[in-house]
Amino acid sequence: PTTVNFNGTSQQTIGGGSITNFYNLSVNNSAGVVLGNDESAGGTLTLLNGLITTGSNAMVLGNNAIINGAGTGKYVYGNLRWNFPAGAQTRNFAVGDASNYTPVTIAFANVTTPGNITGSTTGAEHPSILTSTIDQDKDINRYWTMTNNGTLFTTYDATYNYVAGDIDAGANPNA
């Protein structure tokens, strides 16, 4: 299997007129990589250094794709779309905003109809906080957007991760 490496210290862009289907994709660029279209990795997405910035596009991962190396300074800033085949599935959406790695892990007990889910996070107060029953002065100033496209499943668990700077003063995240 072929691996395409994006290395360097100057920002790089994956462009073109349509989606590029990489087998393995590796990012080791402190200035990051920007997507000009949706781009796809079907094997391994290796994140060594730098962000993949998607804008309105998406980094798309195939049914059997994996992510290696995600963490602080090496994640998808924007939309990460993951295809889900049938069966029990767990995926770590390695997403964050411009400054913080704040992933979400989704574990499906059983996917009955394959589809895909696109995830992203925003490091700000949720726009509907005022119409909720949550005290806007004692919450976490971050939210995640998970968009399901055709994935049918029995049950799931989701674990959302945030950074200490997201917590309002006086908030108790254990409450």
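The values are calculated or read from the model by the stated rules, or taken from the named source; none is laboratory data. The structure displayed is predicted, hence computed values, not measured ones. Because the Cβ atoms are built from the backbone with ideal geometry, glycine has one as well, and the counts that use them run over all protein chains shown. Quick note on the areas: whole protein, heavy atoms, side chains included, nothing else; ligands and nucleic acids left out. Shrake-Rupley method; radii C 1.70, N 1.55, O 1.52, S 1.80 Å.
Just a few scattered comments:
- Any chance Ala88 is open to solvent by 60 Å² or more (accessible area, probe 1.4 Å), out of contact with any Pro (no Cβ under 6 Å at 6 or more places or on another chain) and closer than 21 Å to Asn148 by Cβ: yes
- Tally of residues being in contact with a Pro (Cβ under 8 Å, 6 or more places away or on another chain), in contact (Cβ under 8 Å) with a residue 40 or more places away in the chain and surrounded by 15 or more Cβ atoms within 10 Å (Cβ to Cβ) across the range 63-74: 0
Condition check ((1) assigned to a loop (DSSP other than H, G, I, E, B); (2) under 17 Å from Asn83 (Cα atoms); (3) at pLDDT below 95) across all residues:
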position: Ser99; (1), (2), (3): yes, no, no
position: Ile106; (1), (2), (3): no, yes, no
position: Asn110; (1), (2), (3): no, yes, no
position: Gln136; (1), (2), (3): yes, no, yes
position: Thr147; (1), (2), (3): no, yes, no
position: Ala158; (1), (2), (3): no, yes, no
position: Tyr162; (1), (2), (3): yes, no, no
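- Residue count for the range 33-62, restricted to those that are crowded, with 19+ Cβ neighbours inside 10 Å and outside any strand (DSSP E or B): 2.
- Residue match in the range 75-88 (condition: over 18 Å from Pro103 (Cα atoms), touching a residue at least 12 places away in the same chain (Cβ under 8 Å), part of a strand (DSSP E or B) and not acidic (Asp, Glu)): yes
- The residue of the range 115-134 that is most open to solvent (accessible area, probe 1.4 Å), among those that are among the β-branched types (Val, Ile, Thr) and part of a strand (DSSP E or B), is Thr122.
- For the range 72-79, the criterion of being of a type in the set (A, V, I, L, M, F, W, C), within 30 Å of Asn37 (Cβ to Cβ) and within 17 Å of the chain's Cα centre (by Cα) is met by at least one residue.
- Check on Asn57, over 13 Å from Ile19 (Cα atoms) and among the polar types (S, T, N, Q): no
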